[in-house]
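Q: Structure below; questions to follow.
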Amino acid sequence: MHIVIDGYNLIRQSQRLKRIDRYDLQAGREALVEAVAAYRKLKPFPVTIVFDGGDAEPGMPRRDQAKGIRLRFSKAGELADEVIKRILGREKANALVVSSDREIIDFAVANGAATIGSAEFDERLEMAQYMDSKGAEETASASGWQATTKKTGPSRRLPKRKRKMNKVLSKL
């Protein structure tokens, strides 16, 4: 599964990243990369973060990599949405899109990709950063969580599209 993140959409949907972004655009991007890097320690999926190139500093490369995360900037006059759509056109069902942009979500679903809202993914990033700072084993043992195979809930089966979406999201 390849996670494709609408960078500025996620930053502006996150309360903590939005505060950093207001102060300094580059610092906001770096904070997002740090959060995603902590997440990748727990779930090592390939990740691409796409930003609008109009906000990039002059002379900045269109493609970059930081901490094992691919960074893409759109060309001048091009939106990050178009870059995301190109990536989704190649990846199809192997992609998970992180965005709250309705147009991108609709395009992703039409191409068979799974989607998750920016705010929901930000919660997962916060949890990953917390677990990274505390240590994942220590956090799991302190919460008293125990693995079980006991089934709960109704036995009604979800539609195939929902089951597929849940399967992809469960990997996060």
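Computed from the coordinates by the stated procedures, all read-outs in this text should not be read as laboratory data. None of these values were measured; they are calculated from a predicted model. Here Cβ is always computed from backbone atoms with ideal geometry, including for glycine, and neighbour counts include all displayed protein chains.
Q: Amide H to amide H under 5 Å from Ala66: which residues, 5+ apart in sequence or cross-chain, H placed 1.01 Å off N in plane?
A: Leu71
Q: Further question on the same structure: Count the DSSP beta bridges whose two residues both fall in segment 1-113, then state the antiparallel fraction as a percent rounded to the nearest 5. Don't skip to the end; give the middle numbers.
A: On the way: 4 of 16 bridges.
So the antiparallel bridges amount to about 25 percent of the total.
Q: Using a Förster distance of 25 angstrom, determine the FRET efficiency expected from the C-beta separation of Lys75 and Glu120, and round it to 0.05. Don't skip to the answer; put the middle values down first.
A: Numbers: r = 30 Å, r/R0 = 1.19.
Calculated transfer efficiency: 0.25.
Q: Determine ³J(HN,Hα), in whole Hz, for all residues of segment 20-27 in sequence, where each value follows from phi through the Karplus function 6.51 cos²θ - 1.76 cosθ + 1.60 and θ = phi - 60°; x replaces Gly and Pro.
A: With coefficients 6.51, -1.76 and 1.60, one gets 5, 4, 4, 6, 7, 4, 5, 5 Hz.
Q: Checking a compactness column here: for segment 78-118, what do you get for Rg(Cα) / (2.2 N^0.38 Å), N being the number of residues? Each step should come with its number before you reach the end.
A: Numbers: Rg = 8.9 Å, N = 41, 2.2 N^0.38 = 9.0 Å.
Output field value: 0.98.
Q: Oh, and also: Describe numerically, in nm with one decimal, the distance between label points set 7 Å from Cα along Cα→Cβ at Arg156 and at Ser170.
A: 1.9
Q: Val97's amide H: which non-local residues (gap 5+, or another chain) put their own amide H closer than 5 Å, with H modeled 1.01 Å from N in plane and none for Pro or chain starts?
A: Val4, Ala114, Thr115, Ile116
Q: Okay, next question. Would you mind computing Rg(Cα) / (2.2 N^0.38 Å) for segment 1-133, counting N as its residues? Please list the in-between numbers first.
A: Details: Rg = 13.7 Å, N = 133, 2.2 N^0.38 = 14.1 Å.
Compared with the compact-globule rule of thumb, segment 1-133 sits at 0.97.
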